[in-house]
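In what follows, a single structure is set out as structure tokens and then discussed.
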Amino acid sequence: MNNEVNPSAINNSLNCSGCGALLHFNPGTHNLLCDYCGVSNAIESAPDSRDILPYDYDRICRRY
């Protein structure tokens, strides 16, 4: 089974849907923002994404 990702597909996913320019992360949102035309492109979740759970660092350290 080949799990390789096509590099051109990754590069194209970072292009603006409005003008094709390179997008930049917009802090505080789940969007990529275009500096040229102002379009905000939503970041899609991976189909196998899971919730990130917090862990108590001190509790883990006391175990060891």
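Please go through the range 1-54 and give me each residue that is among the polar types (S, T, N, Q) and at pLDDT 75 or above, ordered by number.
Initial filter on the range 1-54 (among the polar types (S, T, N, Q)): 2-3, 6, 8, 11-13, 15, 17, 26, 29, 31, 40-41, 45, 49.
Once the filter is applied, which keeps residues that are among the polar types (S, T, N, Q) and at pLDDT 75 or above, the range 1-54 yields Asn15, Ser17, Asn26, Thr29, Asn31, Ser40, Asn41.
Output the residues belonging to the range 12-42 that are open to solvent by 80 Å² or more (accessible area, probe 1.4 Å), of a type in the set (A, V, I, L, M) and not in a strand (DSSP E or B). Walk me through how you get there before you give the answer.
Narrowing the range 12-42 to residues open to solvent by 80 Å² or more (accessible area, probe 1.4 Å): 12, 17, 22, 24-25, 27-28, 30, 35-36.
From the residues that got through so far, the ones that are of a type in the set (A, V, I, L, M) too are 22.
Hits for the range 12-42: nothing passes.
The values are calculated or read from the model by the stated rules, or taken from the named source; none is laboratory data. Predicted model, so just to flag it, every value in this text is computed and none were measured. These area figures cover heavy atoms from the full protein model, side chains too; ligands, DNA and RNA do not enter into them. Shrake-Rupley method; radii C 1.70, N 1.55, O 1.52, S 1.80 Å.
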